[in-house]
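To keep things clear, I will list the structure first and then write my remarks on it.
The values are calculated or read from the model by the stated rules, or taken from the named source; none is laboratory data. In this text the structure is predicted, and so the values were computed from the model without any measurement. FYI the Cβ positions are ideal-geometry reconstructions off the backbone, even for glycines, and counts take in every protein chain you see. When the accessible area is computed, the model is the full protein with side chains, heavy atoms only, and any ligands, DNA or RNA have been set aside. Shrake-Rupley method; radii C 1.70, N 1.55, O 1.52, S 1.80 Å.
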Amino acid sequence: MCGISMPKILIVYYSHTENTEKMAKAIAEGARTVQQVEVELKRHESPWRLANFDAVLIGAPTYHHNMTNSTKNFLEEVAFHSINLKDKIGAAFGSYGWSGEAPRLVLEIMKNKFEMQVIEPPLLLKYAPDQAGLEKCREFGKQIADKLMLQT
Ligand SMILES: Cc1cc2nc3c(=O)[nH]c(=O)nc-3n(C[C@H](O)[C@H](O)[C@H](O)COP(=O)(O)O)c2cc1C
């Protein structure tokens, strides 16, 4: 945890056709049901702010069997500036169509490069999330917030 303040979760996501965005919003909703956890939901974030959070969740849709350039650039900047994410909770999610590599790739980087404590498996939903999918997102968010509370 960072100091004596409330545990903080950052959800940062990229989304071209709003499917991953809908997931991100539902994950934030689920995490916010846990009292005393602060949740920030962002489309963009500066790498330096990551140090302020106890958990970082990245939403990454799959395009061309990969994460988008915006996601890639963001992770590269975090690495380039040596932002210390060691032992923070890391999780990844994203909408996909048929192969869904992006969240898995993000999670690998979180685990192997940033040495984060990752939540496996990542949460993947096909195309636009339906009601059941949104519920899975809420549970995913709540599960991470609960884990964070247990660690504090
Ligand atoms: C040009 C293009 C390439 C895509 N490539 C892949 C792919 O390689 N694998 C996959 O699982 N889905 C692929 N998709 C499907 C997207 O992941 C899917 O539409 C997803 O819902 C997009 O999420 P977003 O609305 O958050 O951007 C592709 C979609 C487009 C338009």
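Per residue, how large is the accessible surface of the range 30-152? Use a 1.4 angstrom probe and give square angstrom.
So the range 30-152 comes to 52 Å² accessible per residue, rounded to a whole number.
Placing +1 at every Lys and Arg Cβ and -1 at every Asp and Glu Cβ, with all other atoms neutral, what dipole size does the range 64-143 have around its Cα centre, in debye to the nearest 20?
The calculation lands at about 60 debye.
Post the alpha-carbon centroid distance, the range 137-152 to the range 34-70, in whole angstrom.
Each part reduced to its Cα centre gives a spacing of 15 Å.
Treating the beta-carbon of each Lys and Arg as +1 and of each Asp and Glu as -1, no other charges, what is the dipole magnitude of the chain about its Cα centre, to the nearest 20 debye?
The dipole magnitude comes to about 40 debye.
In the structure displayed, which of K86/K113; K42/K126; K113/K147 lie more than 19 Å apart, Cα to Cα?
The pairs that break the limit, which is 19 Å between Cα atoms, are K42/K126; K113/K147.
In whole Hz, what ³J(HN,Hα) sequence does the range 134-151 give by Karplus (6.51, -1.76, 1.60; θ = phi - 60°), x for Gly and Pro?
Each residue of the range 134-151 in turn: 5, 5, 4, 5, 4, 5, 4, x, 5, 4, 6, 5, 4, 4, 5, 5, 5, 7 Hz.
Roughly speaking, what % of Cα-Cα pairs in the range 1-87 are separated by over 15 Å, rounded to a whole number?
60
On each of the three principal axes of the Cα atoms of the chain, give max minus min coordinate, whole Å, ordered largest first.
43, 36, 23
Only sites in a loop by DSSP and with at most 16 other Cβ atoms within 10 Å count here; which trypsin sites (Lys or Arg not before Pro) in the range 13-91 make the cut?
On the way: sites: K22, K25, R32, K42, R43, R49, K72, K86, K88; in loops: R32, R43, K86, K88.
Passing both the DSSP loop test and the Cβ count: R43, K86.
Mind checking the range 113-142 for chymotrypsin sites (Phe, Trp or Tyr not before Pro) that DSSP puts in a loop (not H, G, I, E or B) and that have at most 13 other Cβ atoms within 10 Å?
Listed in order of number, the matching sites are Y127.
Once every DSSP H run of n ≥ 4 in the chain is given -39500 (n - 2.57) and the sum is divided by its residues, what mean residue ellipticity at 222 nm do you get, rounded to the nearest 500 deg cm²/dmol?
On the way: 4 runs with 58 residues, N = 152.
After summing the helix terms and dividing by the residues of the chain, the value is -12500 deg cm²/dmol.
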